[in-house]
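Structure first, then comments.
The values are calculated or read from the model by the stated rules, or taken from the named source; none is laboratory data. Note that the structure is a prediction, hence the values are computed from the model and not measured. In this analysis, Cβ positions are derived from the backbone assuming ideal geometry, glycine residues included, and neighbour counts consider all displayed protein chains.
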Amino acid sequence: MGNQMDSRARRLITLIAATLTVAACSEKTTSLADYISSICAAPFRSSSAEEAPFLSDNISAMTRMMIDMGIRPSGDVDIDFVAMMAPHHQGAIDMATAELRYGRNERLRRMAQEIIVTQQQEIAAMRLAVGATLPPSVPSPTQVSAQTFSDTR
């Protein structure tokens, strides 16, 4: 009897704690985009003016990724997995594109190109695995034009 009571008490305490946590988090009404952007941007506030465009692109990529990963469950684990992983991979593509745009280290730029290609392939493979149609093909952003490159210097 005592064991059963302890178990019920623990469940009740857990339920109360969860309810209070949700209530505390819900008091300030902020959009998800604003909340995520503020979390991502906070460490970058002291960055140099030269690095600011790169960081801005990355903050945008992370914000978009986090928002797009917030799905409404479909009832199918596989479809939900792809729905969350595709924006996650797209976030990596967007961050790698920023490296190509602003980075100077040739080894990292080559890695960024590889990231873009492999993440695009994985997005396509996941979508095909669940029978989803693929979006129209677009050129891979693995090369940044000379004009774009000179604009960032």
- Message: Tell me yes or no: at least one residue of the stretch 67-74 is β-branched (Val, Ile, Thr), touching an Asp or Glu at 6+ places or on another chain (Cβ under 9 Å) and assigned to a loop (DSSP other than H, G, I, E, B).
- Response: yes
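Can you name the residue in the stretch 69-100 that is of a type in the set (D, E, K, R) and within 17 Å of residue 124 (Cβ to Cβ) and, of all such residues, is surrounded by the fewest Cβ atoms within 10 Å (Cβ to Cβ)? Walk me through it before giving the result.
Quick first cut of the stretch 69-100, residues of a type in the set (D, E, K, R) only: 72, 76, 78, 80, 94, 99.
Narrowing further to those that are within 17 Å of residue 124 (Cβ to Cβ): 78, 94.
Details: 78: 12, 94: 20.
The selected residue is 78.
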- Query: Could you say whether any residue in the stretch 37-53 is modelled with pLDDT under 65, exposed (fewer than 10 other Cβ atoms within 10 Å of the Cβ) and part of a loop (DSSP other than H, G, I, E, B)?
  - Reply: no
